[in-house]
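Q: Here it is, the structure, as C-alpha cells.
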Ligand SMILES: Cc1cc2nc3c(=O)[nH]c(=O)nc-3n(C[C@H](O)[C@H](O)[C@H](O)COP(=O)(O)OP(=O)(O)OC[C@H]3O[C@@H](n4cnc5c(N)ncnc54)[C@H](O)[C@@H]3O)c2cc1C
C-alpha cells in the first residue's frame, strides 16, 4: 500500500460516495475496509429518499439505482404517508432498495473511477501533525496521508482516537432484527400491540398500487421490540425466541437464522466533524434510530457536501478554512434528524397518552402545509445552507431545469456530472465574465422560460444568473449585475487566478 492524499476508513455507503466525489476531482484517494469484500451481513437500510436520488442523478448514476429498486412514496411521520408525488421535480418519490445493493452499485462506480479499496484491513489508530497523518493499520502496516476521513460507522475508531466528543442520549428501546426460517408462517406486515411494534416480511417484494406485496417463499425478515434495553453482546437465536414469545405469545418455530442484529434509539452526534486533518462523515458523525429511514441518506449527503471542499483544499485551490463550512452546514442537518427520530421513537410507545399525541400529530399532518413541510424535511429536500441573505434559492438545492443552449437542450443536473461548479447565465449570452476562475468554474449560457418552483416553498422569482456548487446547492444568484459574484466565487472556489 502506498501513500495517498486522502484515506477513507470504511467502504460503507458514505465512504464509497466520498471516494467517488474525490476521484472525480482528481484526488488520489483510497479506502481501507475491515470487511473482506463488499458483502453485507444483514439488510440495514431499505432505500433512498428523493434528495439522495437527486444527488446520484447529479453524478449521472441515478438510473443504476432506479433500475434495480422499486419507486415508492417512502416518507412518513406518525403513521401518516407523506406523499411527494405533487412536488415540482423529476424524482418526486423514494426508492425501495436494500443497502447491500446500494453498496454494490456504489462500489461499481468507485471501481470505474479507479479508487483502490483495501479490503480485509483495519485502521487501528493515527497520529496527525502539521503536514499530514500517520495511519496505523492492523498487522502493523503504516501509511502517511494528507487527510484521513472516518466513514467507519457508529462505533468509529477514528472519532474515538481523535478524542471527538459524541454527546447525546442513551437508548430507551431496543429491537432485534433478523432473517430466519420459521416453521409457522406469521402474518406479514407491521403489527402494534401492548409491547410496541413488531413486523414480519420477506426480502423480495414488489410495490403494487403503493402497497408492499411480498414474494412467496424464502426466509422471513423479523423485527421485534425487546422487553428491556441494555443487552450487551451479540444477539442470539435464544434472545430472538424469547423476544417473540414475550411479544407475540409464540416464536413461530423460528430456526436457522441467516443473521440476527440489534438496533436501538441511541441518539448521538459528534461535537465536531473536523479536527484539523481528521474528518468524520455518516454514522461516524451521527447515530439515531432507523425510524424514517434517514441515516444512510444524510450520510451520503455529508459525503457530497465534503467531497468537493476537501478536493479543493487538497488540490490547493481553496484554503483549509473551507473545510469548516462542512461542519457548519452538515451538523445542523443531522441534529434535526436526531430530533425527528427521537420524536418518532417516542411515538412508538404503546400507552394511550402517546397514542393520543400521535393522533394529534397525524391530524396536523392531514393539513396541506404541515404535510408538505414534513415531507420535504424527511426527503432531504428542504436543506437550506447559510450562504448569505437574498434570493430564496440561496443555499437551497438547484432545481433540475430543462435548459436550452446553443448546442441543444440540457438538464441542469447533467452539468454537474463531473462534480465541477457551474455559473449558469440565463441573461444576455456572453454577459458574464469569470476569466480568473475559468479553470475551475464552467460558464454556461442558456435559456429557461419555465417557472422556478421549489418543493414545499412554491414559486420563486426567476434569477438572471445562478452559481451552483458541485453538490447542487446555490451559492449566488444574479439579477442584471455581477454584484457579489467575485466574492462568492472566492469563498466557495478559491481566490482568482492571476492573469
Ligand atoms: C435496522 C436498520 C435499518 C436501517 N434503515 C435505514 C433506512 O431505511 N434508510 C437509511 O437511510 N438508513 C437506514 N439505516 C442506517 C444505515 O444503515 C446507516 O446510516 C448507514 O449504513 C451508514 O453508512 P456509513 O457508511 O456511515 O457506515 P457503515 O455502513 O456502518 O459503514 C462503515 C464501514 O466501515 C468499516 N469499518 C469500521 N471500522 C473500521 C476500521 N477501523 N477500519 C476499517 N474499516 C472499518 C465497516 O466494516 C463498514 O463497512 C438503518 C440501520 C439499521 C441498523
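Q: What are the residue pairs meeting all of these: first residue in the stretch 110-125, first residue closer than 23 Å to residue 136 by Cα and not assigned by TED's automatic domain parsing to the domain that holds residue 15, second residue part of a strand (DSSP E or B) and near the ligand (Cβ under 9 Å from one of its atoms), Cβ atoms under 7 Å, and 6 or more apart or on different chains?
A: So the pair list comes out empty.
Q: I would also like to ask the following. Scanning the stretch 91-118 for residues that are surrounded by 15 or more Cβ atoms within 10 Å (Cβ to Cβ) and in a loop (DSSP other than H, G, I, E, B), which turns out farthest from the ligand (Cβ to nearest atom)?
A: 92
Q: Can you tell me which residues in the stretch 194-211 are closer than 18 Å to residue 291 by Cα and either touching a helix residue (DSSP H, G or I) at 6+ places or on another chain (Cβ under 9 Å) or in contact (Cβ under 8 Å) with a residue 24 or more places away in the chain (or both)?
A: 195, 196, 197, 198, 199
Q: Give the number of residues within the stretch 28-49 that are farther than 23 Å from residue 421 by Cβ and touching a strand residue (DSSP E or B) at 6+ places or on another chain (Cβ under 7 Å).
A: Summing the residues that are farther than 23 Å from residue 421 by Cβ and touching a strand residue (DSSP E or B) at 6+ places or on another chain (Cβ under 7 Å) in the stretch 28-49 gives 14.
Q: So which residues in the stretch 1-59 are in a loop (DSSP other than H, G, I, E, B), away from the ligand (no atom under 11 Å from the Cβ) and more than 15 Å from the chain's Cα centre (by Cα)?
A: Within the stretch 1-59, 1, 2, 3, 25, 26, 27, 28 meet the criteria.
Q: Further question on the same structure: Answer yes if at least one residue in the stretch 180-189 is within 16 Å of the ligand (Cβ to nearest atom) and either farther than 30 Å from residue 211 by Cβ or not in a strand (DSSP E or B) (or both), and no otherwise.
A: No; the residues of the stretch 180-189 include none that is within 16 Å of the ligand (Cβ to nearest atom) and either farther than 30 Å from residue 211 by Cβ or not in a strand (DSSP E or B) (or both).
Q: Further, regarding this structure: Among the numbered criteria (1) away from the ligand (no atom under 14 Å from the Cβ); (2) part of a loop (DSSP other than H, G, I, E, B), which one does residue 74 miss?
A: Going through (1) away from the ligand (no atom under 14 Å from the Cβ); (2) part of a loop (DSSP other than H, G, I, E, B) one by one, residue 74 breaks only (1).
Q: Of the residues that make up the stretch 461-474, is at least one touching a strand residue (DSSP E or B) at 6+ places or on another chain (Cβ under 6 Å), assigned to a loop (DSSP other than H, G, I, E, B) and on the phi > 0 side of the Ramachandran plot?
A: There is at least one residue in the stretch 461-474 that is touching a strand residue (DSSP E or B) at 6+ places or on another chain (Cβ under 6 Å), assigned to a loop (DSSP other than H, G, I, E, B) and on the phi > 0 side of the Ramachandran plot.
Q: If I go through the stretch 347-356 residue by residue, how many of them are assigned to a helix (DSSP H, G or I) and surrounded by 15 or more Cβ atoms within 10 Å (Cβ to Cβ)?
A: Total meeting the criteria: 1.
Q: Any idea which residue in the stretch 119-174 is surrounded by the fewest Cβ atoms within 10 Å (Cβ to Cβ), counting only those that are farther than 21 Å from residue 29 by Cα and within 9 Å of the ligand (Cβ to nearest atom)?
A: Looking at residues that are farther than 21 Å from residue 29 by Cα and within 9 Å of the ligand (Cβ to nearest atom), I get 155.
Q: On to the next question. Of all residues being part of a helix (DSSP H, G or I) and in contact with a strand residue (DSSP E or B) (Cβ under 7 Å, 6 or more places away or on another chain) in the stretch 475-488, which is nearest to residue 318 (Cα to Cα)? Just the residue, please.
A: The qualifying residue nearest to residue 318 (Cα to Cα) is 488.
Q: Out of 180, 224, 229, 220, which single residue is in the same structural domain as residue 258 (by TED's automatic domain parsing), free of Cβ contacts under 8 Å to residues at least 60 places away in the same chain, touching a strand residue (DSSP E or B) at 6+ places or on another chain (Cβ under 6 Å) and more than 16 Å from residue 264 (Cα to Cα)?
A: 220
Q: Which pairs do you get when a residue that is free of Cβ contacts under 8 Å to residues at least 60 places away in the same chain, found in the stretch 39-55, comes within reach of a residue that is part of a loop (DSSP other than H, G, I, E, B) and away from the ligand (no atom under 11 Å from the Cβ), reach meaning Cβ atoms under 9 angstrom, with the pair 6+ apart or on two chains?
A: These pairs meet every condition: 53/90; 53/91; 53/93.
The values are calculated or read from the model by the stated rules, or taken from the named source; none is laboratory data. Given the structure is predicted, the values throughout are model-derived calculations rather than measurements. As a convention, Cβ positions derive from the backbone with ideal geometry for all residues, glycine included, and neighbour counts pool all protein chains shown.
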